[in-house]
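Beneath this line is the structure, given in structure tokens, with notes to follow.
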Amino acid sequence: MKIFLDTANLDEIRDAVQWGVIDGVTTNPSLIAREGGDFIETIHQICGMVDGPVSAEVVAQDAATMIREGRLLAKVHKNVVVKVPLTVDGLKACKALSGDGTRVNVTLCFQAAQALLAAKAGATYISPFIGRLDDMGQDGMLLIQQIVNIYANYPDLKTEVLAASIRDPLHVVQAAEAGSDVATIPFKVLKAMILHPLTDKGNAAFLKDWASVPDQDIIGQVERWMAKRKSL
Ligand code: E4P
């Protein structure tokens, strides 16, 4: 499963990219507004930091203006994926933009029927929102499973399932188990994914035991061992 970072914060992206696990980034108007910078400049900078798809969302509500915004956003950088909402106009824009060869992420998906329509309209990604469904007492993960199953029934549909609105590591694990192609993850959740008290405890125990070894310098040991071999 690919991992995208769900943020417009440049420091978070810079940090996470260094972990070597980030395949792309998703933004939305709320995330961009939270950072307070210039939209296009922010998207351009993110594209320069991540070797993968970067979702930038249109804000127009009519198809004609969405298409115009989307075509311009696609010119900002080759990594840009144009994000459109799952409305009738969003579907029209998806069809037109994907017809141009632009990758489109159709967002705000809350039922499987919407995902089927987005795929028919040529979406590269469909973004079902798990957390927001959970918040209202529905099972967000069920939606991921349904969409994965539906798409699997029709191999002609090339749309990838991008699990969004992820709130914790369990969402990521369950999305992966369900066969989601991508999960877009807030930096806070990514950091939580690496933590386990037994990892810290085990690491501390290894270091404590290593302290009793007479020569603890691994680099020096390997260098001396190599020099010795060379001289033979
Ligand atoms: C995805 O692309 C969305 O930007 C995001 O996952 C929404 O998550 P939220 O429900 O935490 O705002």
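Here are the numbers for this structure:
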item: Estimated D of the stretch 112-232 in µm² per second, where Rh is the Kirkwood radius over Cα pairs and Stokes-Einstein applies at 4 °C, 1.567 mPa s; result: 72 µm²/s
item: Charge context of Leu117, other residues only, Cβ under 14 angstrom, K/R +1, D/E -1; result: +2
item: Total formal charge among the other residues, if their Cβ is under 15 angstrom from that of Val172, Lys/Arg +1 and Asp/Glu -1; result: -2
item: Rounded to the nearest 20 debye, dipole of the chain from Cβ charges on Lys, Arg, Asp, Glu; result: 560 debye
item: Prolate/oblate/rounded label for the stretch 31-117 (Cα gyration tensor, a/c 1.5); result: prolate
item: Cα-based reach from Lys201 at 27 Å (exclusive), listing lysines while leaving out same-chain residues under 8 positions away; result: Lys188, Lys191
item: Distant-in-sequence amide H partners of Lys2 (H built 1.01 Å from N, under 5 Å); result: Val182, Ala183
item: Lysines whose Cα lies under 28 Å from that of Lys92, excluding same-chain neighbours fewer than 8 positions away; result: Lys2, Lys75, Lys78, Lys83, Lys120, Lys158
item: The chain: calculated mean residue ellipticity at 222 nm from DSSP helix runs of at least 4, using -39500 (n - 2.57); result: -16500 deg cm²/dmol
item: Diffusion coefficient, µm² s⁻¹, Stokes-Einstein with Kirkwood Rh over alpha-carbon pairs of the chain at 37 °C and 0.692 mPa s; result: 168 µm²/s
item: Inter-part distance where the stretch 56-129 and the stretch 37-52 are each reduced to a Cα centre, Å; result: 19 Å
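Bear in mind these aren't lab numbers, they're just calculated from the coordinates by the rules spelled out. Nothing here was measured: the structure is a model prediction, and the numbers come from that model. So basically every Cβ, Gly included, is an ideal-geometry build from the backbone, and we count neighbours across all protein chains shown.
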